[in-house]
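Trainee: The structure under discussion is supplied below as structure tokens; questions concerning it will follow.
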Amino acid sequence: MTTDTDLSLRAVTRGDVVLLSPVGRLDLSTYVGMRDGLLKHVAEQPHAVVVVLGPDLELGSDPLAGVFAAVWMRCCRWPGVPLLLVATTERHRGMLERTGLARFVPCHERLDTALAVATAPTRRHRNEMQLPADTDAPHLARDFARRTCLKWDLRQASPRTVLLAGELVDITRAHTSSALVLRIERFPDQLTVAVRHAGPSPRDAPHRLDLTRVHRLSTACGNTPTLDEGRVVWAAITLRSGSRA
């Protein structure tokens, strides 16, 4: 996947884990391309994303490594996909030490140790369904959310989850004619609701998405582009520890 003419991301899959190797020079002109490229791979919701910093990556200056912390902060709420760094050269290991990046993003010196962490079992449950982008979609989404919360015994979270599912579907279908995918995930401390559409369309205008009501219903929310030029609109709800949410 190309992020910029002077920087690209080579992607390889290892089971459910995506390995990304940046190739080229990371500087002010390629920073946004690197950030958006990483976010698009995270939005595909693999088990984990491992970024391998090797000899093919030239770093313009240490502060530019903050792009990895920025991506980690964007994805820790949604989709909750672990982001790990592997520094394979002394130059990159020195950068990680000088910047203190390891305080935010898990960093490793060897790929095998990173993969052992990335492939470890996680406590998460996922349920999804495909919806048509028509007027019936919000109703179907609310019913699906209600049944999912009942299945997971999330009584207290159910009302907000149902409202969010209908709202996110309603927002998304106004900008696309493509089929929608509704995904609900439960983590130990939060529940996420996400609606995805594939590919751009004449009605696709993500900068005009009105998430006001979603903000009021959720702990965090946002929208993220995907590798197929589509978009995911998402929201997260915090679950109280030790309760049935």
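Trainee: Return yes when Glu109 is in contact (Cβ under 8 Å) with a residue 40 or more places away in the chain and either touching a Lys or Arg at 6+ places or on another chain (Cβ under 8 Å) or farther than 30 Å from Leu38 by Cα (or both) and no when it is not.
Mentor: no
Trainee: Residues in region 93-119 that are of a type in the set (A, V, I, L, M) and under 30 Å from Leu168 (Cβ atoms): how many? Let's see the steps before the verdict.
Mentor: Applying the first criterion (of a type in the set (A, V, I, L, M)) to region 93-119 yields 95-96, 101-102, 105, 111, 114-118.
Subset that is under 30 Å from Leu168 (Cβ atoms): 105, 118.
Of the residues in that region, 2 qualify.
Trainee: Within region 25-37, does at least one residue satisfy the condition of being assigned to a strand (DSSP E or B) and surrounded by 19 or more Cβ atoms within 10 Å (Cβ to Cβ)?
Mentor: Checking region 25-37: at least one residue is assigned to a strand (DSSP E or B) and surrounded by 19 or more Cβ atoms within 10 Å (Cβ to Cβ).
Trainee: Which one of His108, His47 is outside the structural domain of Asp189 (by TED's automatic domain parsing), at pLDDT below 95 and within 15 Å of Leu19 (Cβ to Cβ)? Step through it out loud before you land on a result.
Mentor: On the way: His108 fails: at pLDDT below 95.
After applying the criteria, what remains is His47.
Trainee: Which of the residues belonging to region 216-233 are outside any strand (DSSP E or B), in contact (Cβ under 8 Å) with a residue 60 or more places away in the chain and more than 13 Å from Gln45 (Cα to Cα)?
Mentor: Taking region 216-233 and keeping what is outside any strand (DSSP E or B), we get 216-219, 226-230.
Remaining after also requiring in contact (Cβ under 8 Å) with a residue 60 or more places away in the chain: 219, 226-227.
Of everything in region 216-233, just one residue is outside any strand (DSSP E or B), in contact (Cβ under 8 Å) with a residue 60 or more places away in the chain and more than 13 Å from Gln45 (Cα to Cα), namely Thr219.
Trainee: Then there's this: Would you call Val50 part of a strand (DSSP E or B), on the phi < 0 side of the Ramachandran plot and surrounded by 18 or more Cβ atoms within 10 Å (Cβ to Cβ)? Outline the logic, then answer.
Mentor: On the way: part of a strand (DSSP E or B): yes; on the phi < 0 side of the Ramachandran plot: yes; surrounded by 18 or more Cβ atoms within 10 Å (Cβ to Cβ): yes.
Yes; evaluated as a whole, the condition is true for this residue.
Trainee: Here are Arg77, Arg147, Arg103: which of them is basic (Lys, Arg), surrounded by fewer than 17 Cβ atoms within 10 Å (Cβ to Cβ) and at pLDDT below 95? Give the derivation first.
Mentor: Details: Arg77 fails: surrounded by fewer than 17 Cβ atoms within 10 Å (Cβ to Cβ); Arg147 fails: at pLDDT below 95.
The match here is Arg103.
Trainee: Write out, first by first residue and then by second, each pair whose Cβ atoms fall under 6 Å of each other, whose residues are 6+ apart or on separate chains, and whose first residue, in region 79-100, is in contact (Cβ under 8 Å) with a residue 12 or more places away in the chain and among the aliphatic types (A, V, I, L, M) while the second is surrounded by fewer than 17 Cβ atoms within 10 Å (Cβ to Cβ) and assigned to a helix (DSSP H, G or I).
Mentor: From residues that are in contact (Cβ under 8 Å) with a residue 12 or more places away in the chain and among the aliphatic types (A, V, I, L, M), the pairs are Ala87/Arg93; Met95/Asp62; Leu96/Ala102.
Trainee: Considering only region 65-184, give the helices (runs of 4 or more DSSP H) lying wholly within it that have at least 3 residues that are of a type in the set (Gly, Ala, Ser).
Mentor: Qualifying helices (runs of 4 or more DSSP H): 66-75, 111-118, 137-151, 158-173.
Trainee: β-branched (Val, Ile, Thr), in contact with a Cys (Cβ under 8 Å, 6 or more places away or on another chain) and under 30 Å from Arg183 (Cβ atoms): is that true of Val52 in this structure? Don't jump to the end; show me each part of the working.
Mentor: Working: β-branched (Val, Ile, Thr): yes; in contact with a Cys (Cβ under 8 Å, 6 or more places away or on another chain): no; under 30 Å from Arg183 (Cβ atoms): yes.
Judged against the criteria, Val52 is not a match.
The values are calculated or read from the model by the stated rules, or taken from the named source; none is laboratory data. Since the structure is predicted, the reported quantities are computational estimates derived from the model, not experimental observations. Neighbour counts are summed over all protein chains in view; Cβ atoms, including those assigned to glycine, are modelled from backbone coordinates with ideal geometry.
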